[in-house]
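Working notes for the structure below.
The values are calculated or read from the model by the stated rules, or taken from the named source; none is laboratory data. Since the model is a prediction, treat every value here as computed from it, not as a measurement. For neighbour counting, all protein chains shown are included, and Cβ atoms are generated from backbone atoms with ideal geometry for every residue, glycine included.
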């Protein structure tokens with residue numbers, strides 16, 4: 001009446017079938033039932049480990065491997081799997097340790113030799129890694145990954161011919177090896193061989209179907225001034241594959257680089273005809289990339305459909321237009337409907353922009369976003385706008401330690417507009433990495449021009465030849481408020497013949 005209860009072996013078989021079909025969650029569920037029914041079966045636990053590895057749950061796999069190691073001493077397969085898991089969580093020293101244990105007990109298994117080699121490579125012990133890979137390849141000549149790893153070491157050593165040879169061997173045994181293609185493309189780019197670069201990119205796309213190669217080709221063609229060649233390439237692709245949206249996107253990108261804006265925009269008309277959401281997303285990203293924020297917002301609203309990705313694009317369009325009230329509404333919708341950590345950060349940003357730093361702090365406190373620099377920058381703004389300068393400076397310090405030149409400039413401008421001279425000079429006395437020396441030197445001159453003596457600030461800048469007019473005109477767009485006014489006044493009077 002209630003059916004016949006399955007045995008542990010039947011659940012194990014179900015797990016194996018689910019594993020083979022790529023249904024790893026189901027496979028894990030079935031194998032857990034089998035283990036609960038018969039915990040003593042070692043092959044059940046070992047299969048569970050394989051499932052966890054396929055699910056990239058390396059920490060979980062290591063816990064199960066510890067259990068197996070306590071039961072089965074000196075098993076090379078356990079040590080080999082441990083070596084791989086430690087490599088996958090970037091613990092390369094332990095990966096090498098367990099690879100050595102596996103090799104000592106079961107030298108006939110080649111796997112730990114390879115895992116040890118790539119761990120040594122990650123630790124930049126290139127000579128040891130190279131020797132081990134060369135030995136490994138003597139009995140595993142068809143291992144494409146091993147050839148590409150060796151090619152990468154040769155490239156690091158600037159032995160380009162050896163690197164190219166190994167990368168081509170990698171492709172001989174696996175035409176879809178993207179690491180090998182990336183190495184070959186890097187060699188052809190550094191050697192200024194545009195024809196070979198173009199040919200290899202087309203081959204890489206043909207064998208991997210990764211459009212990233214064609215977008216990289218676009219950047220390369222624009223860099224070397226072969227835009228017309230790109231236009232011809234993509235028109236041919238469209239001729240043979242009229243249903244592939246990405247070729248229209250690539251053509252539009254190359255047309256923009258030629259100054260053919262209207263033609264670039266009209267390229268999308270054909271792929272937008274049937275309302276395909278993926279085609280519209282390409283169109284929206286294109287508008288965002290080309291800073292056409294007004295049209296971006298208009299087109300998203302005209303399209304009418306939305307998901308998290310489209311709402312994020314709408315948010316960025318509104319934010320860049322400084323339509324902060326609507327950007328806040330969009331970010332709140334993202335938070336409420338999709339509940340992502342990134343959405344919380346967007347909400348905090350717009351709450352700061354709309355004068356609600358206290359509410360922004362509640363979002364930041366609940367946000368476990370991976371974007372540490374952006375999150376700390378918003379903490380800095382929230383505390384700054386709330387006049388809690390001590391906490392604001394604490395987060396400014398973190399941004400400087402992990403940020404870029406543009407972040408440093410933005411911090412300075414916010415302080416100028418929202419604090420006082422004391423906070424500015426505290427900030428300017430921060431210790432910083434050497435690469436920020438020039439920008440901090442510029443900021444000190446600007447502060448002098450704003451708070452004490454404009455003429456002295458001008459004299460400072462003239463004495464610092466590395467802060468020339470070309471550099472100032474380049475970074476001017478990063479400044480706002482009084483700092484921007486100072487640079488514009490300076491460049492107008494001192495750089496009249498040098499505007500970029």
>> Can you confirm whether residue 6 is over 23 Å from residue 96 (Cβ atoms) and either in a helix (DSSP H, G or I) or modelled with pLDDT of 90 or more (or both)?
In response: no
> Which one of 203, 210 is under 24 Å from residue 245 (Cβ atoms), outside any helix (DSSP H, G or I) and at pLDDT 85 or above?
Replying inline: 210
> Of the conditions (1) in contact with a helix residue (DSSP H, G or I) (Cβ under 9 Å, 6 or more places away or on another chain); (2) without any contact (Cβ under 8 Å) to a residue 60 or more places away in the chain, residue 484 fails just one. Which one is it?
Replying inline: (2)
> Is it the case that some residue within the range 298-319 is in a helix (DSSP H, G or I), under 27 Å from the mean Cα position of the chain (by Cα) and closer than 30 Å to residue 225 by Cβ?
Replying inline: no
>> If I ask for residues that are over 13 Å from residue 444 (Cα atoms) and touching a residue at least 60 places away in the same chain (Cβ under 8 Å), which ones from the range 406-423 would you list?
In response: 406, 410, 417
>> When the residues of the range 172-190 are narrowed to those that are closer than 28 Å to residue 142 by Cβ and loosely packed, with under 15 Cβ neighbours inside 10 Å, which ends up farthest from the chain's Cα centre (by Cα)?
In response: 172
>> From the list 279, 308, exactly one residue is surrounded by 13 or more Cβ atoms within 10 Å (Cβ to Cβ), in contact with a helix residue (DSSP H, G or I) (Cβ under 7 Å, 6 or more places away or on another chain) and closer than 16 Å to residue 245 by Cβ. Which is it?
In response: 279
> Under the condition of being in a loop (DSSP other than H, G, I, E, B) and in contact (Cβ under 8 Å) with a residue 12 or more places away in the chain, which residue from the range 44-65 is farthest from residue 85 (Cα to Cα)?
Replying inline: 55
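To keep it simple, each residue is scored yes or no on (1) closer than 30 Å to residue 449 by Cα; (2) in a helix (DSSP H, G or I); (3) in contact with a helix residue (DSSP H, G or I) (Cβ under 7 Å, 6 or more places away or on another chain).
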position: 347; (1), (2), (3): no, yes, yes
position: 352; (1), (2), (3): yes, yes, yes
position: 362; (1), (2), (3): no, yes, no
position: 394; (1), (2), (3): yes, yes, no
position: 397; (1), (2), (3): yes, yes, no
> Within the range 195-211, how many residues turn out to be under 17 Å from residue 234 (Cβ atoms), in contact (Cβ under 8 Å) with a residue 24 or more places away in the chain and surrounded by fewer than 19 Cβ atoms within 10 Å (Cβ to Cβ)?
Replying inline: 3
>> Within the range 146-156, does at least one residue satisfy the condition of being under 30 Å from residue 74 (Cβ atoms) and part of a helix (DSSP H, G or I)?
In response: yes
> Quick one: how many residues across the range 68-78 are part of a helix (DSSP H, G or I) and either modelled with pLDDT of 95 or more or surrounded by 15 or more Cβ atoms within 10 Å (Cβ to Cβ) (or both)?
Replying inline: 5
>> Only one of 392, 419, 445 is buried (at least 17 other Cβ atoms within 10 Å of the Cβ), farther than 30 Å from residue 365 by Cα and modelled with pLDDT of 90 or more. Can you tell me which?
In response: 445
>> Quick check on my filter: what residues within the range 367-389 are without any contact (Cβ under 8 Å) to a residue 24 or more places away in the chain and touching a helix residue (DSSP H, G or I) at 6+ places or on another chain (Cβ under 8 Å)?
In response: 379
> Within the range 213-245, which residues are within 24 Å of residue 276 (Cα to Cα), part of a helix (DSSP H, G or I) and free of Cβ contacts under 8 Å to residues at least 24 places away in the same chain?
Replying inline: 234, 235, 236, 237, 238, 239, 240
> Just one of 94, 32 is in contact with a helix residue (DSSP H, G or I) (Cβ under 6 Å, 6 or more places away or on another chain), surrounded by fewer than 20 Cβ atoms within 10 Å (Cβ to Cβ) and assigned to a helix (DSSP H, G or I); which is it?
Replying inline: 94
>> I'd like to check something: does the range 2-13 contain any residue that is without any contact (Cβ under 8 Å) to a residue 24 or more places away in the chain and either under 39 Å from the mean Cα position of the chain (by Cα) or closer than 24 Å to residue 84 by Cα (or both)?
In response: no
>> Suppose we keep only residues that are in contact with a helix residue (DSSP H, G or I) (Cβ under 7 Å, 6 or more places away or on another chain) and outside any helix (DSSP H, G or I) within the range 262-275. Which one would you say is surrounded by the fewest Cβ atoms within 10 Å (Cβ to Cβ)?
In response: 268
> Would a scan of the range 165-173 turn up a residue that is modelled with pLDDT under 95 and touching a helix residue (DSSP H, G or I) at 6+ places or on another chain (Cβ under 6 Å)?
Replying inline: no
>> I need the full set of residues from the range 247-260 which are surrounded by fewer than 19 Cβ atoms within 10 Å (Cβ to Cβ) and touching a helix residue (DSSP H, G or I) at 6+ places or on another chain (Cβ under 7 Å), in order please.
In response: 257, 258
>> Can you tell me which condition residue 291 does not meet? The list is (1) within 24 Å of the chain's Cα centre (by Cα); (2) assigned to a helix (DSSP H, G or I); (3) farther than 29 Å from residue 200 by Cβ, and all the others hold.
In response: (2)
